[in-house]
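Notes follow once the structure below has been shown.
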Amino acid sequence: MPMFQPTKRDGVVGYEGGGDGHVLDLDTAVKDGVLGGVGGGVVGAGVGEKLDLKKMIEELELSEVPSVFICPISLEPMQDPVTLCTGQTYERSNILKWFSLGHFSCPTTMQELWDDSVTPNRTLYHLIHTWFTQKYLLMKKKSEDVQGRASELLETLKKVKGQARVQALKELRQVVAAHATARKIVIDEGGVAVISSLLGPFTSHAVGSEAIGILVNLTLDSESKTNLMQPAKISLMVDTLNEGCIATKINCTRLIEMLMEEKGFRSEIVSSHSLLVGLMRLVKDKRHPHGILPGLSLLRTICLHKEVRSLIVSIGAVPQLVELLPALNPDSLELALSILDALSTLQEGRLALKGCSNTIPNLVRLLMRVSESCTQYALSILWSVCKLAPEECSSIAVDAGLAAKLLLVIQSGCNPVLKQQSAELLKLCSLNYSDTIFISKCKLTRTIQ
């Protein structure tokens with residue numbers, strides 16, 4: 001259940017009757033017969049039919065509800081409103097629980113109650129029921145229309161080619177992205193197989209982009225994922241990733257990552273120079289920063305396959321990621337550090353990190369700055385680099401202020417493993433100095449034990 005926000009209308013109930021935009025207060029709603037059983041009624045409801053209020057509230061999941069419908073205790077729509085002697089109205093179960101806790105006052109006004117009886121507010125109940133019924137019936141009608149349209153578009157795709165196919169795919173992509181019911185219809189009516197069959201070596205960029213945009217919004221079963229892992233289909237996704245607009249690039253990365261979740265996924269499928277270069281372009285594109293997170297997410301997933309790490313290093317990913325670190329947001333930063341940590345397990349990865357002049361300064365700045373996970377990754381990478389060339393790298397690290405940061409980690413309440421890593425790295429950095437010189441270079445005022 002979402003947190004409900006009252007509509008921003010003072011002194012009125014946000015009832016929007018029949019789509020005419022009128023906002024009625026409680027008295028007007030009663031007088032005009034909006035509450036059901038009188039002239040107004042509910043458009044589209046069957047005669048004598050009464051929909052379950054609880055079910056409607058749960059299925060609609062509305063974020064904005066008229067304030068008078070909201071219980072002041074739970075901040076959720078009332079299903080059984082009752083009024084106290086103070087004139088304040090609450091959900092019955094909530095106010096009875098308040099009484100059971102020994103409170104004999106009005107929760108809103110804190111007035112002591114002279115009468116602890118509760119009176120059902122039938123007028124408000126009917127208004128709540130009518131308001132939700134109209135919203136519910138409208139949602140159902142839209143849902144039925146959307147399902148029908150999605151089904152029609154699937155049938156159209158089986159018959160048309162060329163520009164007509166592109167247009168049908170484009171409309172289906174928009175419908176599927178906006179409506180869960182359309183996604184269900186596409187899956188139930190075999191739409192995944194229909195759309196997947198359009199991907200191949202001779203598929204145009206326009207058709208491929210729209211088809212991928214549909215598939216990435218669907219829940220794919222194991223058979224569908226296996227089908228999409230065919231080399232020709234993966235090759236099309238990689239080409240589309242390199243050539244498409246930013247939305248298409250993001251869709252390609254998300255779809256490939258979905259496929260990688262399948263148990264039978266083989267690392268050679270993503271051992272593609274073109275794929276990795278395309279991902280690095282996406283990650284470095286400053287014009288479209290919203291592509292960074294999905295790009296890094298897929299790259300991190302690829303890094304889990306040890307066989308591909310050497311190829312990632314060979315395309316120059318290490319120095320490019322190091323240069324990106326200062327500008328990344330926390331979520332992207334953690335992914336980037338995770339990738340660099342994985343690459344630092346390779347000799348060529350460590351050499352690439354050492355060869356980048358900003359590796360140590362950038363990593364030192366991140367210690368104790370973002371999250372414990374980021375600090376852990378940064379420490380692990382620094383250890384790998386400093387261990388590779390202790391004299392050279394330790395000197396750079398000390399000048400960058402590493403020792404002071406390590407002392408902060410040791411003195412903090414973080415993970416004991418991090419403290420141990422920090423102590424070992426601090427010891428490594430101090431090997432080339434006497435205690436006096438080391439303390440002086442670190443600008444520390446306390447003795448390092």
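The values are calculated or read from the model by the stated rules, or taken from the named source; none is laboratory data. All figures in this text were calculated on a predicted structure; none of them were measured in a lab. Cβ sites come from the backbone with ideal geometry, for glycine too, and all protein chains shown count toward neighbours. Just so you know, the surface numbers come from the protein's heavy atoms only, side chains and all, with ligands and any DNA or RNA stripped out. Shrake-Rupley method; radii C 1.70, N 1.55, O 1.52, S 1.80 Å.
Before moving on, here are some points about what is shown:
- Sole residue being open to solvent by 20 Å² or more (accessible area, probe 1.4 Å) and modelled with pLDDT of 95 or more, chosen from LEU293, LEU299: LEU293
- Selected residue [more than 19 Å from the chain's Cα centre (by Cα) and at pLDDT below 95] from ALA211, ALA232: ALA232
- Checking each residue in region 357-399 for being part of a helix (DSSP H, G or I) and either at positive phi or among the polar types (S, T, N, Q) (or both) picks out THR359, ASN362, SER373, THR375, GLN376, SER380, SER384, SER394, SER395.
- Test: residue in region 120-130 that is under 30 Å from SER100 (Cβ atoms), open to solvent by less than 30 Å² (accessible area, probe 1.4 Å) and touching a Pro at 6+ places or on another chain (Cβ under 6 Å): yes
- Taking every residue in region 389-415 that is of a type in the set (Ser, Thr, Tyr) and pairing it with any residue that is part of a helix (DSSP H, G or I) and buried (at least 21 other Cβ atoms within 10 Å of the Cβ), at least 6 positions away or on another chain, the pairs with Cβ-Cβ distances below 6 Å are SER394/CYS386; SER394/CYS429.
- Exactly one residue among LEU324, LEU353, LEU337 is closer than 19 Å to GLN421 by Cβ, within 29 Å of the chain's Cα centre (by Cα) and of a type in the set (A, V, I, L, M), and that residue is LEU337.
- Residues that are free of Cβ contacts under 8 Å to residues at least 40 places away in the same chain and touching a helix residue (DSSP H, G or I) at 6+ places or on another chain (Cβ under 7 Å), drawn from region 50-78: CYS71, ILE73, SER74
- Cβ separations smaller than 6 Å between residues 6+ apart or across chains give the following pairs from region 357-374 residues that are of a type in the set (Asp, Glu) to residues that are at pLDDT below 90 and open to solvent by 10 Å² or more (accessible area, probe 1.4 Å): GLU372/CYS414.
- Among the residues of region 253-287, none is identified as of a type in the set (D, E, K, R) and buried (at least 19 other Cβ atoms within 10 Å of the Cβ).
- Filter result for LYS249 (basic (Lys, Arg) and either at positive phi or at pLDDT below 95 (or both)): no
- All of LEU282, LEU275, LEU259 fail the test of being more than 17 Å from HIS305 (Cβ to Cβ) and assigned to a helix (DSSP H, G or I), apart from LEU282.
- Residues satisfying the stated conditions in region 302-337, i.e. among the hydroxyl-bearing types (Ser, Thr, Tyr) and surrounded by fewer than 18 Cβ atoms within 10 Å (Cβ to Cβ): SER310, SER314
- Every listed requirement among (1) at pLDDT 90 or above; (2) under 29 Å from LYS54 (Cα atoms); (3) assigned to a helix (DSSP H, G or I); (4) among the hydroxyl-bearing types (Ser, Thr, Tyr) is met by SER143 save one, (1).
Conditions tested, residue by residue: (1) part of a loop (DSSP other than H, G, I, E, B); (2) of a type in the set (Lys, Arg); (3) over 19 Å from ILE70 (Cβ atoms).
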| position | (1), (2), (3) |
| --- | --- |
| GLY87 | yes, no, no |
| SER93 | no, no, no |
| LYS97 | no, yes, no |
| PRO107 | yes, no, no |
| THR123 | no, no, no |
| TRP131 | no, no, no |
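- For LEU101: the one exception among (1) among the aliphatic types (A, V, I, L, M); (2) closer than 23 Å to ASP52 by Cβ; (3) open to solvent by 60 Å² or more (accessible area, probe 1.4 Å): (2)
- Among the residues of region 338-349, the ones that are touching a helix residue (DSSP H, G or I) at 6+ places or on another chain (Cβ under 6 Å) and open to solvent by 10 Å² or more (accessible area, probe 1.4 Å) come to 5 in all.
- Test: residue in region 215-228 that is assigned to a helix (DSSP H, G or I), within 18 Å of VAL166 (Cβ to Cβ), within 22 Å of the chain's Cα centre (by Cα) and among the aliphatic types (A, V, I, L, M): yes
- Within region 131-149, tally of residues that are open to solvent by less than 40 Å² (accessible area, probe 1.4 Å), touching a Ser or Thr at 6+ places or on another chain (Cβ under 8 Å) and either over 26 Å from ILE185 (Cα atoms) or not hydroxyl-bearing (Ser, Thr, Tyr) (or both): 1
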